[in-house]
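See structure below.
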Amino acid sequence: MSAPRHRTWIAADRLGYGEISAAVADPIQKRGPGRAWVIALLGVMPLVVITLVAIGAVLLVGIGLSGVNTTVVWGFSIANYVWWIGIGNAGTLISSMLLLTRQRWRASINRFAEAMTLFAAAIAGLFPIIHLGRPLYAYWLAPYPNTMDLWPQWRSALVWDFWAILSYLLFSAVFWFTGLLPDLATMRDRAETRTGRMVYGALALGWRNSARHWQVYETFHRTMAALAVPLVCSVHSIVGLDFAASLMPGWQESLFPPYFVVGAMYSGFAMVVMLAIVIRWGLGLQAMITPAHFDAMAKVMLFASVAMTLSYATEWFTAWYGGEHADRTVVGYVFAGDYRWLYAGLLVCNCLVPQALWLRSVRGNLWLLAAIAILINVGMWLERILIVWNTLSHDYAMSLWRTYHVSLYDLAILFGPLGLFVLGFLVLARLLPVVSMHEVRQVSHAEGAA
């Protein structure tokens with residue numbers, strides 16, 4: 001007789017509480033960094049240096065280092081911002097929605113998905129500042145008492161982005177940290193050194209595992225999850241309105257806010273799949289991150305792929321049905337213009353390749369799943385950069401038609417921040433549990449009692 005389906009969230013028949021704690025905590029408290037961790041750290045450090053040098057260069061020289069021109073005034077910086085904030089939005093969205101819908105498979109992935117939010121949103125916040133003509137005056141975006149009566153222009157999309165990122169970062173940090181409290185107490189109790197007990201004890205904020213603590217924790221966590229869903233939708237809707245609130249052909253569409261939200265979920269789940277594969281292998285968590293988790297995430301990516309394909313088709317149909325010459329011209333330029341091969345790659349990565357996920361054999365093959373996840377993120381970055389390039393390169397006036405030419409600086413700010421992202425996870429894996437021990441224990445108890 002085959003095992004019930006709900007048992008697949010834990011590989012073993014019943015993983016004991018002590019075994020769960022040991023599997024997650026021992027790599028931090030009892031085992032030093034392995035060879036793979038050291039190699040990864042050395043590998044990402046050049047990217048971190050490239051990022052710091054690129055940011056320093058734009059502070060000293062200006063955004064003329066990039067390929068922007070008098071027509072295509074947005075380039076890699078804005079596309080990267082949208083891409084990173086999309087990945088960041090997905091982490092909290094995944095965790096909160098799965099919590100509210102009581103999905104057990106959330107337990108093994110929510111911790112590093114929420115950490116992904118913090119790292120990605122922090123990186124995203126750098127790009128609007130980098131793109132400012134005078135980034136040294138970025139603090140002008142915040143209302144603060146000053147003798148010049150200088151206040152932000154609240155009709156500016158840049159100000160919307162500032163407050164969206166700030167509010168989202170603060171909320172996500174609180175949501176992530178409160179979820180850590182029971183596990184920090186476990187780390188405190190398992191610590192073998194006085195320093196470890198003091199550090200984890202201070203971070204645990206006096207957690208005693210009492211019934212009162214659990215009652216307050218559950219109420220607070222579910223309330224935060226309920227608040228997170230509309231917040232996440234509003235944040236990426238604001239990013240979509242950066243474009244849709246303009247009068248540019250191809251941008252002035254009411255479709256953009258939901259389209260950007262779905263795109264964020266799409267690229268975010270793809271990134272979570274990649275992280276889950278690496279963390280599962282690197283920390284030996286095969287018993288907690290099972291093939292069933294990847295199967296569930298692959299189905300979500302498949303759904304998002306269908307939704308994105310429908311969104312692209314809606315854009316084409318709207319441009320044709322609306323009859324506006326400029327909109328039709330932009331769609332024609334998308335398929336036959338200077339960036340047509342990039343757009344073809346976008347459609348292949350976002351629409352065609354993910355259809356392989358209809359096959360159970362593909363969803364169960366981690367190598368294929370990783371390849372599809374990487375292609376999805378490549379395709380979603382192409383989508384963001386082409387939203388900028390296609391419209392700005394082919395505006396209303398033919399005299400202003402210009403193409404974007406990529407510079408070395410553009411490549412630096414594209415690939416360099418990936419090093420910061422990986423560095424954040426490497427440090428996290430050495431200091432804090434990347435899988436929620438108390439939630440995996442609940443799943444193990446539920447499956448053992450079933």
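The values are calculated or read from the model by the stated rules, or taken from the named source; none is laboratory data. All of these numbers come straight from a predicted model, not from anything done at the bench. Every residue, glycine among them, receives a Cβ derived from its backbone with ideal geometry; neighbour counts consider all protein chains shown. Note: accessible area is taken over every heavy atom of the protein model, side chains too, but ligands, DNA and RNA are not part of it. Shrake-Rupley method; radii C 1.70, N 1.55, O 1.52, S 1.80 Å.
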**Request:** Give the carbon-plus-sulfur fraction of the accessible surface of segment 68-131 in %, rounded to a whole number; probe 1.4 Å, heavy atoms of protein chains only.
**Result:** 68
**Complete:** Sorted by chain and number, the residues with a modelled amide H under 5 Å from that of residue 406, at a separation of 5 or more or across chains, are none
**Item:** Length-normalised contact order of the chain in % [C-alpha pairs under 8 Å, at least 6 apart]
**Value:** 31
**Message:** Let me check I've understood the local charge: for residue 319, count other residues with C-beta under 12 angstrom from its C-beta, Lys and Arg +1, Asp and Glu -1. What total comes out?
**Reply:** -3
**Request:** Please report the orientation-averaged projected area of the chain, defined via the convex hull of its C-alpha atoms, in nm².
**Result:** 24.6
**Fill in**
For segment 73-159, shape from the Cα gyration tensor axes a ≥ b ≥ c, cut at a/c of 1.5 then a/b versus b/c, turns out prolate
**Fill in**
Sorted on mean Cβ neighbours within 10 Å (highest first), peptides 56-67, 312-323 come out as 56-67, 312-323
**Request:** Place a +1 charge on the Cβ of each Lys and Arg in the chain and a -1 charge on the Cβ of each Asp and Glu, then give the dipole magnitude about the Cα centre in debye, rounded to the nearest 20.
**Result:** 1480
**Prompt:** Roughly what percent of Cα-Cα pairs across segment 229-297 reach past 19 Å?
**Reply:** 51
**Item:** Gap separating the Cα centres of segment 79-119 and segment 409-450, nearest whole Å
**Value:** 11
**Complete:** Along principal axes, largest first, the alpha-carbon spread of segment 112-185 in whole Å comes out as 49, 25, 21
**Prompt:** Using a probe of 1.4 angstrom, how much of the accessible area of segment 321-394 is carbon and sulfur, in percent?
**Reply:** 70
**Item:** P(r) weight above 22 Å for segment 263-387, C-alpha pairs, percent
**Value:** 41
**Item:** Surface accessible to a 1.4 Å probe, per residue, for the residues of the chain, Å²
**Value:** 46
**Cα gyration tensor shape of segment 1-149, rounded if a/c is under 1.5, else prolate or oblate by comparing a/b with b/c** = prolate
**Fill in**
Taking only protein heavy atoms and a 1.4 Å probe, the highest-to-lowest accessible-area order of 300, 330 is 300, 330
**Asked** With Cβ to Cβ distances under 14 Å as the rule, what net charge do the other residues near residue 162 carry (K, R +1; D, E -1)?
**Response** -1
**Asked** How high is the relative contact order of segment 342-416, in percent, with contacts defined as C-alpha pairs under 8 Å that are six or more residues apart?
**Response** 30
**Asked** For residue 214, what charge total do you get from the other residues with a beta carbon under 15 Å from its beta carbon, if Lys and Arg give +1 and Asp and Glu give -1?
**Response** +1
**Farthest toward positive dipole pole in the chain [+1 Lys/Arg, -1 Asp/Glu at C-beta], among 78, 117, 436** = 436
